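The values are calculated or read from the model by the stated rules, or taken from the named source; none is laboratory data. Please read all numbers here as calculations on a predicted model, not as lab measurements. Note that each Cβ is placed from the backbone with ideal geometry, even for glycine, and that neighbours are counted across all protein chains shown. These area figures cover heavy atoms from the full protein model, side chains too; ligands, DNA and RNA do not enter into them. Shrake-Rupley method; radii C 1.70, N 1.55, O 1.52, S 1.80 Å.
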Amino acid sequence: MSNLYHVFSEHLQPKRPLLINSNQECEATYGDLETRSAQYASALLSLGLNPGDRVAVQIAKSIENIYLYCGCLRAGLIYLPLNAAYQASELSHFITDAKPKLFVIDPAASIGHLDQLDHRPQTRTLDQDGRGSLRDLADSSPTHPEIHPSQDQDIAVIVYTSGTTGLPKGAMISHGNLISNARALRTAWGWTDHDVMLHALPIFHVHGLFVGLHLPLLSNSPIILMPNFNADAVIATLPLATVFMGVPTYYTRLLSSGIKAQDCANMRLFTSGSAPLLSQTFTDWEQATGTTILERYGMTETGMNTSNPLSGERKKGTVGPALPGVKCRVVDSSGIDVAVGDTGDLWVKGENVFSGYWQNPEKTAESFTSEGPGDGFFKTGDLASIDPEGYITIVGRNKDLIITGGLNVYPKEIELLIDRMDGVLESAVIGLPHPDFGEAVCAVIVPLDGADCSQEAIIATLKADIANFKIPKHVFFIPELPRNTMGKVQKNELRTRFSPPSSS
Ligand code: AMP
């Protein structure tokens, strides 16, 4: 049997704390996880759901949410987490596409528009305090349903990922994908039952749901569950924890809130991912805390692919070598491996790689090399280079590549140069339509507070370092880069916000 919950429960120690609060009191044990997930599984089956049915979930982060997730796994149902920020039109797409039998919502949510859809799932509620009609049903449901005998390839979770074009696609992630990735990370990061996870990430995304929860659940280690990220609360709670996982924005906010070495005295590991960690943040963090952030790289479709080492050099600006069991290739447009240090498309293969997009065979076929899912390499859509020691640097998304006058410009190369300049906090380089060049390189810059940056000075400094075709045609200044909840810079939004420069 390859049910992910079965793997969690194999060595489950019922008396171990699962959830501890900031006063170090145990609020739930692993025994509670066993009982409550069984009750949720029974409740879901009593609603007429069968293994393979989808359960869409758009609720606040809570321990009941985790019990529900585990209940879905053990019943063989497909868990479908949705970002609470999704609007009506996006929700309509997910419901029409995935056809969930059940939609678990916050009682305050207004989903009246779903009445118009052809597919209308049953709804049950769970609020941020873990109360609601689904909780009531679970409370009165039996505690001992069997764990469904799922196989490696059976789908455990569907997570919708949004591309820049077309509608979001549902990535089908199997029990086997999740088990292999959780085990690989447990070994790579030396996770033990002595670890205490400070969990501040959302759990509708792979980072907080898979990486943030599976590692503690696999090892019976306690979790301090924060409803969301708050820098002051994290700093106050770090002395109780050993591991913290964040997106880069969390680290810059912790630094702005004055984090110090003594706050981190008990900490064994800080990891960063979901978006690139600025070299400046990496260095500032080392100086402020005396600890080194471990950067890793993954995506919805693949889970984690690479990680800087636990012991060994963590190289700034890189995401580390491929994890054991994961193969990474960097190739040119003909699919030939590029030379060490050169930039190309990153392809990955391994048990961690998903089995395709839900009911979208064309997109699935396009995304894998010709052998297809299972045997082929998945084309990540990221541009990368590999150094002689196998450390990978992510250069950006290939859709963000700028082609100006027929020449390729990698935004990251220019962003790194701009970020190093005096008076600059950070930057994003984008391509905007241009009548002569097709696309014009443009830089969007966030100056440091009170700094005096000018387009002329930025361009003059760049001219000393890079070829003319890479020099921005225009520089825009803004107070903050638009980012999503996972800390990713929304380049699409920048491309629509700023007008193309006139031809010059
Ligand atoms: P998602 O599917 O939302 O997890 O987004 C995955 C994408 O986030 C990847 O394809 C990368 O473009 C980006 N990403 C994740 N981790 C990193 C990282 N450490 N450095 C740079 N980009 C990253």
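Listed values, structure above:
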| item | result |
| --- | --- |
| The chain: Rg to Rh, with Rh as the Kirkwood radius over Cα pairs | 0.97 |
| Cleavage-rule hits (GluC sites (Glu not before Pro)) in region 398-504: DSSP loop, at most 13 neighbouring Cβ within 10 angstrom | GLU480 |
| Estimated FRET transfer efficiency (ASP115, MET421; beta-carbon r; R0 41 Å; 0.05) | 0.15 |
| Cα-centre dipole for the chain with unit charges at Cβ (Lys and Arg positive, Asp and Glu negative), debye to 20 | 300 |
| Calculated P(r) of region 4-245 - Cα pairs past 22 Å, % | 52 |
| Karplus-derived HN-Hα couplings along region 2-14 (A = 6.51, B = -1.76, C = 1.60, θ = phi - 60°), whole Hz, x at Gly and Pro | 10, 6, 4, 5, 4, 5, 4, 7, 3, 10, 5, 10, x |
| Surface share of carbon and sulfur [accessible, 1.4 angstrom probe, percent] for region 284-358 | 48 |
| Placed amide H near ARG397: partners under 5 Å, 5+ positions off or other chain | LEU383 |
| Region 1-63: GluC sites (Glu not before Pro) in DSSP coil with no more than 16 other Cβ atoms inside 10 Å | GLU25 |
| Share antiparallel - DSSP beta bridges, region 4-245, percent rounded to 5 | 30 |
| Surrounding net charge for ARG329, when Lys and Arg each add one and Asp and Glu each subtract one, Cβ distance under 11 Å | 0 |
| Over the chain: helical MRE at 222 nm, DSSP H runs n ≥ 4 each giving -39500 (n - 2.57), nearest 500 | -8000 deg cm²/dmol |
| Filter on LYS327/LYS363; LYS349/LYS473; LYS61/LYS491; LYS349/LYS463 - keep pairs with C-alpha separation over 31 Å | LYS349/LYS473; LYS349/LYS463 |
| Å² per residue, accessible surface of region 4-245 at 1.4 Å | 37 |
| Sequence-distant aspartates and glutamates (8 or more away, or on other chains) whose Cα lies within less than 12 Å of LYS99 | ASP53, ASP118 |
| Environment charge of THR404, counting only residues whose C-beta is closer than 11 Å and scoring Lys/Arg +1, Asp/Glu -1 | 0 |
